[in-house]
1. Test S467 against the criterion of being of a type in the set (S, T, N, Q) and either open to solvent by less than 40 Å² (accessible area, probe 1.4 Å) or modelled with pLDDT under 95 (or both), and give yes or no.
2. Could you look through region 170-202, keep only residues that are part of a helix (DSSP H, G or I) and closer than 16 Å to F218 by Cα, and pick out the one that is farthest from the chain's Cα centre (by Cα)?
3. So, in region 21-31, exactly how many residues are open to solvent by 60 Å² or more (accessible area, probe 1.4 Å) and assigned to a helix (DSSP H, G or I)?
4. Give me a count of the residues in region 167-186 that are within 30 Å of E482 (Cβ to Cβ) and open to solvent by 30 Å² or more (accessible area, probe 1.4 Å).
5. Take the residues in region 69-81 that are surrounded by 13 or more Cβ atoms within 10 Å (Cβ to Cβ) and modelled with pLDDT under 90; name whichever of them is nearest to D359 (Cα to Cα).
6. Could you tell me whether any residue of region 129-145 is over 23 Å from the mean Cα position of the chain (by Cα), on the phi > 0 side of the Ramachandran plot, surrounded by 13 or more Cβ atoms within 10 Å (Cβ to Cβ) and assigned to a loop (DSSP other than H, G, I, E, B)?
7. Tell me which residues, restricted to region 281-303, are out of contact with any Leu (no Cβ under 7 Å at 6 or more places or on another chain), more than 16 Å from Y217 (Cβ to Cβ) and open to solvent by 10 Å² or more (accessible area, probe 1.4 Å).
Amino acid sequence: MHFIQLRFLPLTLCVIGLVASAAAFLLWPTYDTVFFWPLAVCAALVGVGISDLLQRSRSILRNYPVIGHLRFIFEAIRPEMRQYFFESDLDGAPFSREQRAVVYQRAKNQLDKKPFGTLSDVYENGYEWMLHSLWPTTVPETALRVDIGGPKCKQPYSASILNISAMSFGALSANAIRALNAGAKAGGFAHDTGEGSISPYHLEHGGDLIWEIGSGYFGCRNLDGTFSEDAFVRNARRKEVKMIEIKLNQGAKPGHGGVLPAAKITEEIALIRGIRMGEDCVSPARHPAFSTPRELMFFIDKLRDLSDGKPIGFKLCPGRHEEINDLIMAMRDTGIVPDFIVVDGKEGGTGAAPAEFIDNLGMPLREGLSLIHSSLAAAGLRDKVKIGAAGKIVTGYDMARTLALGADWCNAARAFMFSLGCVQAQACHTGRCPTGVATQDLSRQRAIDVPNKAKRVENFHRGTVASLADLLAAAGYSHPSELSRRGFYRRAADGHVISFADQYQFPNVQPMPLLRTAN
């Protein structure tokens, strides 16, 4: 009775085709080559149908044998269909087609101008704009670099106002790391290693490095996972390492550790990270070397001494306001101040993280950056600490807005991935990146021609910084530090216009007793 239902019709037709082609194959042997292929195809489809009826994991296939596979085929190609046929220039997530196009055009040194007017609805809720001046200025090249390093720093670093954000070897392919670093070397900007340690590919072209140290202490650990001063000194004193960044957490997955399964640990990764073969590699959710804000400050002081005076700072996605206050109080109480703080917005990217962490945990960049800037200013420490910021920064306007909210420089990760050729396939966690950027598959990563892609990385950086300089000049500023929240406006949900100065406000840091987590 089941086979008279329409949902079983494709399987029924396959069975009929199998019987008919088998009969023809046997009755007319002189035409065996003609009937062989229909016989083979029908036999395969009948086998698939029987398997669908017997399997227990997919309900659709049990109820719709053979034809039910179309559902999974269409689901698999849905992202590509949307991106190539149905997306408008302003659609697409996490980056729109328009944003990606800007990167591709700048990376290739193609015309990045637009005709006929903006595609944005300037009267829709959420539309933003920057105030210009009747008296444009010029911006000197020296204004687009940032000196990082406090009084205790023996080797301050002059950084570009735009640098490559943290992406580890392992998350990215060897050729991607090579191209990014070669581009950074040619363009005079810095390349953050990510927490996966300094690989030979980071050193191959001699670009400036920001060495990121996570809770796994890769590149500066003992075999038991604790911090190793000797290993730290060996890497920290490399000439390529210009700054050292302690990663407290990450915007896309704050408060979340990680495990690299033993099966995925190659000899190369084990050597680079300083871990054992055959054992799971655990990055705990918090650092073993310190557990309070004061201990963090002492750890910063130790790293500054061990590195022979290089700039030391930390990266975080801000969370509880009282914990930010505790960090500020620890700086004031100990007299130890980090040379920089990098604010990582929750909109930042990651190779892989739990969906709830990506979607709902952590503070977005604009609020987090405003909080850190305001807290340091209220404590009288803002002039002692430089602030970097990362979180979906693609264009010169993104940079100008971020600088106005309190940053001294910007970091970008996925934008530089686009400059390498990333097409936002969002297959980073599968190892099957179609462009060879986020994979360890040697046959895939050979798609990246390092000299060619390095030039594109350099081009994108140069074009984006130039666009920032143009915006500054049009607004009447000669230095990024002149940007302020009063120069940016947004159309609010009720249709009213509100300035960033009114929207992003946080209470001042209040004096606190030397107790609680700050001690």
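The values are calculated or read from the model by the stated rules, or taken from the named source; none is laboratory data. Bear in mind the structure is a predicted one, so any value in this text is a computation, not a measurement. When we count neighbours, we look across all protein chains shown, and the Cβ atoms used for this are built from the backbone with ideal geometry, even at glycine. Surface areas here come from the heavy atoms of the whole protein model, side chains and all, with no ligands, DNA or RNA. Shrake-Rupley method; radii C 1.70, N 1.55, O 1.52, S 1.80 Å.
1. Values: of a type in the set (S, T, N, Q): yes; either open to solvent by less than 40 Å² (accessible area, probe 1.4 Å) or modelled with pLDDT under 95 (or both): yes.
Yes.
2. Looking only at region 170-202, we keep the residues that are part of a helix (DSSP H, G or I), and these are 174-187, 200-202.
Okay, now just the ones that are also closer than 16 Å to F218 by Cα, so 200-202.
Values: P200: 22, Y201: 19, H202: 18 Å.
Residue satisfying both the conditions and the ranking: P200.
3. Going through region 21-31, the residues open to solvent by 60 Å² or more (accessible area, probe 1.4 Å) turn out to be 25-31.
Subsequent filtering for residues that are assigned to a helix (DSSP H, G or I) retains 25-27, 29-31.
Counting residues in region 21-31 that are open to solvent by 60 Å² or more (accessible area, probe 1.4 Å) and assigned to a helix (DSSP H, G or I) gives 6.
4. Narrowing region 167-186 to residues within 30 Å of E482 (Cβ to Cβ): 183-184, 186.
Applying the additional criterion that residues be open to solvent by 30 Å² or more (accessible area, probe 1.4 Å) yields 186.
Number of matching residues: 1.
5. The first filter runs over region 69-81 and keeps only residues surrounded by 13 or more Cβ atoms within 10 Å (Cβ to Cβ), leaving 69, 71, 79.
Narrowing further to those that are modelled with pLDDT under 90: 71, 79.
Working: R71: 27, P79: 19 Å.
Looking at residues that are surrounded by 13 or more Cβ atoms within 10 Å (Cβ to Cβ) and modelled with pLDDT under 90, I get P79.
6. There is no residue in region 129-145 that is over 23 Å from the mean Cα position of the chain (by Cα), on the phi > 0 side of the Ramachandran plot, surrounded by 13 or more Cβ atoms within 10 Å (Cβ to Cβ) and assigned to a loop (DSSP other than H, G, I, E, B).
7. Keep residues of region 281-303 that are out of contact with any Leu (no Cβ under 7 Å at 6 or more places or on another chain), which gives 282-289, 291-292, 294-303.
Now drop any that are not more than 16 Å from Y217 (Cβ to Cβ), which leaves 292, 294, 297-298, 301.
Passing the criteria: T292, R294, F298, D301.
Residue by residue, here is whether (1) open to solvent by 10 Å² or more (accessible area, probe 1.4 Å); (2) within 17 Å of K392 (Cα to Cα); (3) assigned to a strand (DSSP E or B) holds:
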| residue | (1), (2), (3) |
| --- | --- |
| G309 | no, no, no |
| P318 | no, yes, no |
| L327 | yes, no, no |
| A330 | no, no, no |
| V337 | yes, no, no |
| G348 | yes, yes, no |
| R366 | yes, yes, no |
